[in-house]
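Contents: one structure, followed by commentary.
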Amino acid sequence: MTAADSIRAQFQNRVEEQQTARRPVRPKSLNVTDSIRTYFLPPDESYRSVVEQAMFRSTADYLTGHQGFFVQNWQESPMRVTAAPYGLQGNRLGVSIDRQNYTPWEHLIEPDGMIDLFDVPVAPDYDRYVVPAGLAALFSTQPVVASIVTTTREPDSTEPVSAFIVDQGNYGYGLTRGRLHQRWRGGREYSLSIGYHTSDGFLVAANHDSYAYTGRWFEPIGSQWGVAISGHLTDNDGPLRLRPDIGGAVIERNRFNRSLEIALYRDDSSFAGNWSLAYRYRKQQSHLNLLPFRGRYDRLGHGISLRREQLRGSWLLAAEITGDWERYSESSRQYERLSGEVMVRATHATISPLGLQIGVRSVEGWLLLPQAAISWRHTTGSWRWLLTARYAERVPSLEELNLERNELGLYSGVDYVELGNSQLKPERQAIASLDVRLGRPERSLEVMIAGGQIFDGIDWVAGDSSGVSRFQPTNGDIQFLSITGRHRWQLGQLLAWHLGGSLSFIDYEAIDDRPYTPERNGFAGLELIVAWPQKRITFTGYGELRFVGPYEGYSGRLLGNEIVANAKAELRYGSFRFHFVAENAFSNFFEAREFFPHSGVYNYFGFVWNFFD
């Protein structure tokens with residue numbers, strides 16, 4: 001060994017000793033949710049790489065690699081981001097971020113029950129998964145047909161994990177995000193994130209601004225106790241313009257979503273189980289101004305839960321009892337109700353994991369609402385499949401039941417009416433899915449099938465009588481089947497292409513032609529990577545074609561049936577990444593939403609900096 005080799009070896013030994021000393025000495029508590037994710041959501045199924053290829057601005061961009069979802073982004077909706085799982089409109093998509101369920105809420109003119117995915121914080125996200133209903137039940141009790149599950153990037157030692165991301169673009173667009181996550185040797189841990197988004201919008205000035213903050217702090221108490229405090233805040237302001245082509249109404253739209261959870265944990269001495277007692281607070285507000293109309297809609301909720309988690313042999317067990325109180329306020333009216341739930345989850349942690357969920361919920365005004373789900377993943381050789389099934393029931397929201405009748409003049413005279421429906425019945429969902437993949441992740445063929453029946457489905461239905469549009473929630477059976485295929489082929493570290501397409505068959509009993517429900521989607525993407533490892537430089541070029549089949553708007557206008565091209569160039573140097581994105585690169589003229597035509601190329605540029613990593 002030369003003198004240089006000896007010095008290098010001594011340095012490496014010191015580094016290894018320092019890294020060992022930085023590792024936390026207190027074992028982490030058992031977390032069944034994290035363990036379920038380990039067994040059912042392998043890293044090669046994360047949508048993180050798909051998102052990083054293209055532009056990432058909102059939670060809806062997780063779905064760019066899943067053609068079974070119909071996504072309308074912030075320009076198309078307009079100033080809204082929505083996603084319809086398997087083409088199904090309404091409140092049927094769940095979001096779970098780092099063990100917390102996010103249910104943003106807003107009352108809109110022309111309501112559709114869908115969540116605005118721009119109201120879901122994205123700064124803390126790292127790995128992202130799209131899961132069907134049966135598997136979603138292992139992460140959340142929300143009665144949904146599909147869910148987005150995301151996680152933060154946890155540090156391997158006490159070195160912090162960080163990111164600072166900036167994007168700028170046409171029409172005054174800007175998106176800035178930052179996150180920081182650190183763990184101490186004694187078990188103390190925190191994660192913080194902040195995001196700011198602004199845009200003037202295309203075609204007309206919108207002056208949209210939004211803020212998002214998230215935080216979590218865990219403080220150990222002694223060797224077995226601990227307190228965790230977590231919460232989030234989103235605040236959004238900006239007008240919503242209807243029919244700018246004919247001088248339609250300009251509606252001032254302001255809303256916020258706040259949540260807080262305080263939990264007390266006690267670990268078993270073996271750290272193979274724990275008890276937790278948690279309190280939850282939620283405050284949501286949606287204000288609309290269209291003089292003389294002033295809509296004031298508020299939701300307030302308090303909840304408490306007792307949870308037990310335990311590892312018994314190869315079984316991960318979790319049982320939880322929750323109680324909630326909620327209040328919906330509109331103008332001077334208030335409506336309240338109580339609810340409670342008992343839920344048990346069990347996962348057999350083997351090479352072919354099996355997940356089970358069973359529970360029952362009771363809501364004031366209704367008796368017992370059962371839930372049950374099963375998920376089974378199996379891998380053999382180059383084959384991998386996931387089979388899931390779920391039955392769940394969803395009660396109407398207080399807004400859907402009690403919304404006051406409003407008559408507005410959006411274009412001329414009184415031409416718009418909205419109201420609730422006190423006769424609504426609970427929605428019952430029976431859904432199954434099968435995902436099959438053949439081949440390794442870099443060269444694979446995948447088929448995803450999801451379908452079922454929703455009995456007494458709750459949907460906002462748009463009707464028209466004598467020139468007056470009427471929106472009201474209604475029950476109606478729904479049958480659906482979605483078939484999605486994807487192919488990926490990768491040549492070493494140089495070239496990769498992706499192909500995908502989806503067919504959806506949806507039959508609404510209460511709606512003849514459901515607006516914004518395309519039955520066909522397609523996708524093709526090509527990625528080129530050129531690396532210069534000696535200089536820590538990597539160049540990536542990416543291009544894609546997206547096709548959305550024909551569909552109609554509320555006024556019967558024929559939309560979709562268009563191919564749109566997007567492109568991205570990225571230069572990575574060490575911990576920096578610089579990118580440039582061109583959307584609608586061929587400058588097509590099309591309408592994704594009624595009366596909001598697109599034309600020209602939309603350009604964005606920005607960087608990512610992992611400043612502590």
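Has region 423-432 got at least one residue that is surrounded by 14 or more Cβ atoms within 10 Å (Cβ to Cβ), closer than 15 Å to GLY87 by Cα and in contact with a Lys or Arg (Cβ under 6 Å, 6 or more places away or on another chain)? Yes - at least one qualifying residue is present in region 423-432.
Of all residues in region 494-512, count the ones that are surrounded by fewer than 13 Cβ atoms within 10 Å (Cβ to Cβ) and of a type in the set (Ser, Thr, Tyr). Total satisfying the criteria: 0.
Pick from region 216-240 the residues that are touching a Lys or Arg at 6+ places or on another chain (Cβ under 6 Å) and hydrophobic (A, V, I, L, M, F, W, C): which of them is farthest from GLU106 (Cα to Cα)? Ranking the candidates gives TRP225 first. Each residue in region 513-566 was checked for being open to solvent by 40 Å² or more (accessible area, probe 1.4 Å), farther than 27 Å from TRP460 by Cα and of a type in the set (A, V, I, L, M), and 8 pass. Only one of the numbered conditions (1) touching a residue at least 40 places away in the same chain (Cβ under 8 Å); (2) under 27 Å from PRO42 (Cβ atoms) is violated by SER352, and that is (1). Any chance you could count how many residues in region 567-583 are over 26 Å from GLY501 (Cα atoms) and crowded, with 16+ Cβ neighbours inside 10 Å? Qualifying residue count for the region: 4. Quick one: in region 331-362, of everything that is open to solvent by less than 60 Å² (accessible area, probe 1.4 Å), polar (S, T, N, Q) and touching a Lys or Arg at 6+ places or on another chain (Cβ under 9 Å), which residue is modelled with the lowest pLDDT? Checking each candidate, the answer is SER352.
Starting from residues that are open to solvent by 10 Å² or more (accessible area, probe 1.4 Å) and assigned to a strand (DSSP E or B), keep the ones in region 143-161 and report whichever is modelled with the lowest pLDDT. Residue satisfying both the conditions and the ranking: THR151.
Annotation note: Cβ proximity below 8 Å between a residue of region 584-605 that is more than 21 Å from VAL81 (Cβ to Cβ) and open to solvent by 20 Å² or more (accessible area, probe 1.4 Å) and a residue that is outside any strand (DSSP E or B) and not β-branched (Val, Ile, Thr) (sequence gap 6+ or interchain) occurs for SER587/SER599; SER587/GLY600; PHE589/SER599. Could you tell me which numbered condition SER140 fails, if it satisfies all but one of (1) open to solvent by 20 Å² or more (accessible area, probe 1.4 Å); (2) modelled with pLDDT under 85? In the conditions (1) open to solvent by 20 Å² or more (accessible area, probe 1.4 Å); (2) modelled with pLDDT under 85, SER140 misses (1) alone.
For region 389-469, the strands (runs of 3 or more DSSP E) that sit wholly inside it and include 2 or more residues that are among the small types (Gly, Ala, Ser) are 427-440, 443-465.
Restricting attention to region 314-330, does a residue exist that is under 16 Å from LEU403 (Cα atoms), open to solvent by 40 Å² or more (accessible area, probe 1.4 Å) and in a strand (DSSP E or B)?
Looking through region 314-330, at least one residue is under 16 Å from LEU403 (Cα atoms), open to solvent by 40 Å² or more (accessible area, probe 1.4 Å) and in a strand (DSSP E or B).
Residue pairs whose Cβ atoms lie under 9 Å apart, sitting 6 or more positions apart in sequence or on different chains, and linking a residue in region 52-73 that is farther than 24 Å from PRO550 by Cβ and in a helix (DSSP H, G or I) to a partner that is of a type in the set (Asp, Glu) and at pLDDT 80 or above, are GLU52/GLU570; GLN53/GLU527; GLN53/GLU544; GLN53/GLU570; THR59/ASP119. Restricting attention to region 300-313 and to residues that are more than 19 Å from TYR279 (Cβ to Cβ) and assigned to a strand (DSSP E or B), the residue that is least open to solvent (accessible area, probe 1.4 Å) turns out to be GLN310. The residues of region 560-598 that are under 16 Å from VAL166 (Cβ atoms), touching an Asp or Glu at 6+ places or on another chain (Cβ under 9 Å) and not small (Gly, Ala, Ser), listed by number, are LYS568, GLU570, ARG577, PHE578, HIS579, PHE580, VAL581. State whether the residues of region 446-468 include one that is surrounded by 14 or more Cβ atoms within 10 Å (Cβ to Cβ), within 30 Å of GLU570 (Cβ to Cβ) and of a type outside the set (S, T, N, Q). Within region 446-468, one or more residues are surrounded by 14 or more Cβ atoms within 10 Å (Cβ to Cβ), within 30 Å of GLU570 (Cβ to Cβ) and of a type outside the set (S, T, N, Q). Every listed requirement among (1) assigned to a strand (DSSP E or B); (2) free of Cβ contacts under 8 Å to residues at least 12 places away in the same chain is met by VAL360 save one, (2). Among residues of region 544-563 that are without any contact (Cβ under 8 Å) to a residue 12 or more places away in the chain, those with a Cβ under 8 angstrom from a residue that is part of a strand (DSSP E or B) and open to solvent by 60 Å² or more (accessible area, probe 1.4 Å), sequence gap 6+ or separate chain, pair up as LEU558/GLU552.
Reported count of residues in region 499-539, each being without any contact (Cβ under 8 Å) to a residue 40 or more places away in the chain and hydroxyl-bearing (Ser, Thr, Tyr), is 1.
On the stretch given as region 363-374, residues that are of a type outside the set (A, V, I, L, M), part of a strand (DSSP E or B) and open to solvent by 60 Å² or more (accessible area, probe 1.4 Å) total 0.
The values are calculated or read from the model by the stated rules, or taken from the named source; none is laboratory data. Bear in mind the structure is a predicted one, so any value in this text is a computation, not a measurement. Here the Cβ is made from the backbone with ideal geometry for all residues, glycine too, and neighbour counts use every protein chain on show. The protein model used for the area step is the full one, side chains on, heavy atoms only, and it has no ligands, DNA or RNA in it. Shrake-Rupley method; radii C 1.70, N 1.55, O 1.52, S 1.80 Å.
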